[in-house]
Each structure stands twice: as C-alpha cells, then as structure tokens.
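Just below is one structure, and these are the notes that go with it.
The values are calculated or read from the model by the stated rules, or taken from the named source; none is laboratory data. All values derive from a computational prediction rather than experimental measurement. Every residue, glycine among them, receives a Cβ derived from its backbone with ideal geometry; neighbour counts consider all protein chains shown. Areas reflect the complete protein model, heavy atoms only, side chains present, ligands, DNA and RNA absent. Shrake-Rupley method; radii C 1.70, N 1.55, O 1.52, S 1.80 Å.
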Amino acid sequence: MKKLKFLSIAIGFIYVWFGILKFFPSLSPAESLAANTIEFLSFGLITPNVGTIVLAVAEVLIGFGLIFTLKMSWVVRIAIAHMIFTFTPLFIFPEIAFNKAPYSFTITGQYIMKNVVIIAALVLLIPAKKKVINPI
C-alpha cells in the first residue's frame, strides 16, 4: 500500500510542477503545444491564453488530489482522461510529433509518448471497489 501512495505522490508532484509552469508564459516546454491543441479541439472557442490557464489549474488540482489522495476514484479517472487527450497532437499535428511517421518521434513526440507510462501507473491507482459483506 505504501508503494501505491508513493506512486500517487510522485505522479501528483509531476502534475503540480508541470501545471505551475503553465501559469508563467514561456516556462513550460509544452505551453504552445497544449494551447494549440486546446484551441484546435475546441474549434477556436477557447483561446490559447484561456486554454493554458484552464489546463494549468486542472493539472495543479489533479496533482493535489493525487498527493493528498482526495476523491481518488474521480481524480485518477480524470487524470487518465487528461493523459489520453495528450496523445491528440500525434494525430492533429503529426509534423511536430514525428520525423518519419509513425515510428521516428521528434523530441515532442517522445514527450507525448512517455505518457503511456503515466497512464499505466494511474491504472494501478484506481481504487478497488469495496466488497459489501452480507451479514445474513
């Protein structure tokens, strides 16, 4: 159990760190990628500046949820959904993700693909359903 707590804190720390960077223009290496992806997926309804701030807030909240194991059922599922969305640039902006699609990644593509490991770790953190013991 302590190993899962450590895993939750480690992933939470990554979320908080990367989220905080997005509050400060030009500090996050993923800032423009995230902003452009959000703008594209929202059909231009969410501007890059607003999208980056919303994403920063969401990442920090997910991070604190993981660090302090708050509402883990929800937080872990939201984090997994977030991680799945991080793969969308591979499809909508392949020119920045691949040197030669689909097997030779740019550094940006590698940055995205490392999220497979985070998803696998998050799956381990999904709380088990509690068994109800029937007293009869």
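Points to keep in mind about this one:
- Measuring gaps between exposed loop sites in the chain (chymotrypsin sites (Phe, Trp or Tyr not before Pro); DSSP loop; at most 11 other Cβ atoms within 10 Å), the longest gap, sites not included, is 44-102.
- Rg of the Cα atoms in the chain, relative to 2.2 N^0.38 Å, amounts to 1.19.
- Stretchable slack from Lys5 to Arg77, in nm (0.36 nm times residue separation minus alpha-carbon distance): 24.3 nm
- Within the full protein context, the accessible area of Val54 is estimated at about 90 Å² for a probe radius of 1.4 Å.
- Based on DSSP H segments of at least four residues, each scored -39500 (n - 2.57), the chain has a per-residue ellipticity at 222 nm of -20500 deg cm²/dmol.
- Simple Cβ-charge dipole of the chain, Lys/Arg +1 and Asp/Glu -1, about Cα centre, in debye nearest 20: 880 debye
- For the options Asn49, Asn99, Asn115, a Gaussian network treatment of the chain with springs between C-alpha atoms closer than 10 Å singles out Asn99 as fluctuating the most.
- In nm, spacing of pseudo-spin labels at Leu41 and Leu21 (7 Å Cα→C-beta vector): 1.8 nm
- Phe13 versus Lys114: modelled label distance in nm, points set 7 Å from Cα along the beta carbon direction: 1.4 nm
- The lysines whose alpha-carbon is closer than 30 Å to the alpha-carbon of Lys3, local same-chain residues fewer than 8 away aside, are Lys22, Lys71, Lys114, Lys129, Lys130, Lys131.
- With the charge dipole of the chain set up from +1 on Lys and Arg Cβ and -1 on Asp and Glu Cβ about the Cα centre, the Cα lying farthest toward the positive end among the listed residues Val117, Ala128, Ile92 is that of Ala128.
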